[in-house]
1. Test each condition in (1) closer than 26 Å to A:Ala224 by Cα; (2) assigned by TED's automatic domain parsing to the domain that holds A:Val220; (3) in contact (Cβ under 8 Å) with a residue 40 or more places away in the chain; (4) not aliphatic (A, V, I, L, M) for A:Cys163 and report the one that comes out false.
2. Identify the residue in segment B:232-248 that is in contact with a Leu (Cβ under 9 Å, 6 or more places away or on another chain) and not hydroxyl-bearing (Ser, Thr, Tyr) and, among all such residues, is nearest to A:Leu261 (Cα to Cα).
3. Report whether or not A:Asn223 is at the interface with chain B (Cβ under 9 Å from one of its Cβ atoms) and modelled with pLDDT under 85.
4. Pull up segment B:370-425, narrow it to residues that are among the charged types (D, E, K, R) and under 26 Å from B:Ile457 (Cβ atoms), then point me to the one that is surrounded by the fewest Cβ atoms within 10 Å (Cβ to Cβ).
5. With (1) touching a strand residue (DSSP E or B) at 6+ places or on another chain (Cβ under 9 Å); (2) farther than 20 Å from A:Lys149 by Cα; (3) more than 9 Å from every other protein chain (Cβ to nearest Cβ) as the list, and A:Asp209 as the residue in question, which single condition is left unmet?
6. Considering only segment A:109-141, how many residues are surrounded by 14 or more Cβ atoms within 10 Å (Cβ to Cβ), assigned to a loop (DSSP other than H, G, I, E, B) and aliphatic (A, V, I, L, M)?
7. Report, by residue number, each residue of segment B:350-369 that is part of a helix (DSSP H, G or I) and among the β-branched types (Val, Ile, Thr).
8. Tell me, which residue of segment A:50-72 that is within 16 Å of A:Leu34 (Cβ to Cβ) and among the aliphatic types (A, V, I, L, M) is nearest to the other protein chains (Cβ to nearest Cβ)?
There are 2 protein chains.
Amino acid sequence: MEELQDNIQFQVTDELLEQVGQHIVSQDDKALKLLLSDFHYADVAEILDELDFEEAIYIIKLLDSETTSDIITELDEDVREKILENLSTKEIAEEIEELDTDDAADIIAELPESRQEAVISQIENEEHKAEIQELLAYDEDTAGGLMAKELVKVYGTWTVAGCLRRIRGQAKDVSRVHSIYVVSKEEKLIGRLSLKDLITAKSEEKISDIAKDNVDFVNVKDNAEDVAKIMAKYDLEAIPVVDDEQTLLGRITIDDIVDVLKEEADKDYQLAAGITQDVEADDSILELTRARLPWLFLGLVGGIGAYVIMHFFESGLAEEFKVLFLFAPLIAAMAGNVGVQSSAIIVQGLANDDVKGSINNRLIKEMLLAALNGVVLSVFLFVFVALFKSDTLFALAISISLIAVIIVAGLVGTFIPLFLHKRGIDPAIATGPFITTSNDIFGIIIYLMISKMILGI
Amino acid sequence: MEELQDNIQFQVTDELLEQVGQHIVSQDDKALKLLLSDFHYADVAEILDELDFEEAIYIIKLLDSETTSDIITELDEDVREKILENLSTKEIAEEIEELDTDDAADIIAELPESRQEAVISQIENEEHKAEIQELLAYDEDTAGGLMAKELVKVYGTWTVAGCLRRIRGQAKDVSRVHSIYVVSKEEKLIGRLSLKDLITAKSEEKISDIAKDNVDFVNVKDNAEDVAKIMAKYDLEAIPVVDDEQTLLGRITIDDIVDVLKEEADKDYQLAAGITQDVEADDSILELTRARLPWLFLGLVGGIGAYVIMHFFESGLAEEFKVLFLFAPLIAAMAGNVGVQSSAIIVQGLANDDVKGSINNRLIKEMLLAALNGVVLSVFLFVFVALFKSDTLFALAISISLIAVIIVAGLVGTFIPLFLHKRGIDPAIATGPFITTSNDIFGIIIYLMISKMILGI
């Protein structure tokens, strides 16, 4: 056999891209096929993502559809879109023919509606076609949108020997057998067993006697994210999907769940940074602007609000006190930082189902935490201002208002995500610019009011 | 069989906790066992996380070690630590006896060093003990730290029939058979096959003839995060681990990878929010303070810096221009927001291996993007200031400096994570407070300088 290659080492290098490009220019198809055959299809997809579009199309048309169908599922979404635009509906149908039903339905769902029908009608395998059409009917955010129709199913009345015989037939269509699902004659899920159970059992035993009946499952209408969470929690590699009557409809495998968890984490991360719409570093400037500008605009409006507040405080403020305004950026920054910290802890806790107990207890805890942090920071600020400006009362005013600002910012940062979550709104929008901006404004108002009071202006 | 329960529905309710508590008070062990037997061990762990500590210990001592060992692996780390403190080394060794080698090694590694030896010495199964000791020697951030010794291994020279016979023996110790690994007589990994391949093959065929030789694998010293990435990329459910001589040492399964990916995403999210040390919403106020205060302190020092800068600009500034300072919070907020956005995009791109090409190209792209966003926002700010203050030159000064501030903030936010990544430092620390604070200061300096220039002060 060939020399084995550690998979960690794959990198799309400039040399590799150039080598591929040269084979294409010289139309040396044999060398190109040989070169690419060394790589995993996910790696070939990475190569195609980096190639010029014409070169990518050349390779897709060169390789057979068994290989290219896998490559296509792994491409960047925008590259895939462009490639599919350049394939005929017949060619796409051939790719679809090779894919598992879940991947097939995902690809078809990405096509413009006008082409979807044409592609489906050209799928030759009637069973595959019907299954894909069934999957297309489910919302992509549900268990139905994640599941595949490929699974291995046996009846409780069969014997181990009969079961093994029939599985040999079914398993050919199923790339990975995780569990064998046991159904009643009405097709209702009644248990499961592993291939291991089967090959370690005696051949005359009845399936219903060796099957485990504590089978985990989800409903086809369950939320995709919830499904991902329980598969991660129970360490499941596959889970069967049933309808309200317990009829076995399909199964979801862990590789799809890894993608769901990853997308969810990426989305929350982006929202915390003030970015919407699931963009990537390689997207166009226009796409990135669409994702970023609205949040910046929110920040701008907040900054204008802060200015207007200070403007109205200014009139009637004696000259000697106007130095208060020079600390406004400090106060706003602290309010923003504390708010982001406390909201992030809550958002992450909610995502991991770690946040239990009453809202009141959370708020009390956050208040104590913020007070502790606030006192430590204020002592430092007091010492600095007292020394720098040699004015103890002034230092006291700023430090005490900083404590108040930090406590309020912590409470706002804790309350808003909890409140949104209770109302069924994704709390992740309440991190980042949203919380920073509102805390900037609250912070500056509290700061100026308390300082005025202490200084007796 | 019992009524099947949709797994999505499990919740630790107050009623459930009370019911458990009552059974403990009345020492009704039979009812308690019956109640808990309905739940998945991961759910029982959630119940224990919420119970009083004495109640949790009561349940752990009540149930048999086959059940409790699984529960213990799923507990919150701090609850587990307290429970293990209350078990004798003999009792812990009994739990360890039931666990797969990877979980067993993880639990032992969490114990105080003084107890580790005592627990290991009381493991009765000598093979299990030796394997756990081997695993304890690997760094937890490497493939060796993730892998388990449990796997199914066959020799290339065996026949399918002989193989099936021997696998029946090996598979009893392996909870899930993903792949069967084929080794040479020197124990070097030479291929793999699935159980499916085996049961669909003819019984007289030779293993080396039906095994796939393009087996993916990782080296025992590879970084855990890299392993997680390639398993996710290649949709692998298990990957074999070898040493430098290609000797098969163990295998890593996808459930461990899901945890690694999740921890990594959580860590990056927290860093972006200014939180270190992997804390949770339910941690103590002191732990949360340790994780949050240092970042707030950084923000405070930045705020003081901003004050000092404005203080020095102030002297010599005519009264009419001091209104410039009232826009400082706006400028700082915009600089902070843009910096966080651009750094988050880069950090996420680096985490997903999406960031390719030269640093210069990235910077040029970010400059164009920031300029576009800056112009749109500045036009709005210009209109507001011109109307509110009826001073076009002043409005122009502020708007133009805003564009400059946004561009610089975008460049800083792009450059710093790329620079840290090149130096081998985790770029995730460069999001959140770090970038906000530095951009606050840069922003205010640029703003005041450009405004002074335009206003001709």
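The values are calculated or read from the model by the stated rules, or taken from the named source; none is laboratory data. Bear in mind the structure is a predicted one, so any value in this text is a computation, not a measurement. Every residue, glycine as well, gets a Cβ built from its backbone with ideal geometry; the counts of neighbours run over all protein chains shown.
1. (1)
2. Taking segment B:232-248 and keeping what is in contact with a Leu (Cβ under 9 Å, 6 or more places away or on another chain), we get B:232, B:238, B:240-243, B:246-248.
Narrowing the set further to residues that are not hydroxyl-bearing (Ser, Thr, Tyr) leaves B:232, B:238, B:240-243, B:246, B:248.
Values: B:Ala232: 11, B:Ala238: 18, B:Pro240: 24, B:Val241: 25, B:Val242: 29, B:Asp243: 31, B:Gln246: 33, B:Leu248: 31 Å.
Per the criteria, the residue is B:Ala232.
3. Working: at the interface with chain B (Cβ under 9 Å from one of its Cβ atoms): yes; modelled with pLDDT under 85: no.
Considered against the rule, which asks whether it is at the interface with chain B (Cβ under 9 Å from one of its Cβ atoms) and modelled with pLDDT under 85, A:Asn223 comes out as no.
4. Of all residues in segment B:370-425, those among the charged types (D, E, K, R) come to B:389, B:391, B:422-423.
Adding the requirement that they be under 26 Å from B:Ile457 (Cβ atoms) leaves B:389, B:391.
Working: B:Lys389: 13, B:Asp391: 15.
Selected residue: B:Lys389.
5. (1)
6. The total comes to 2.
7. Initially, segment B:350-369 is screened for residues part of a helix (DSSP H, G or I), giving B:350-351, B:359-369.
Those that are part of a helix (DSSP H, G or I) and among the β-branched types (Val, Ile, Thr): B:Ile359, B:Ile364.
8. Of all residues in segment A:50-72, those within 16 Å of A:Leu34 (Cβ to Cβ) come to A:58-59, A:62-64, A:67.
Narrowing further to those that are among the aliphatic types (A, V, I, L, M): A:59, A:62-63.
On the way: A:Ile59: 19, A:Leu62: 20, A:Leu63: 16 Å.
Here the residue is A:Leu63.
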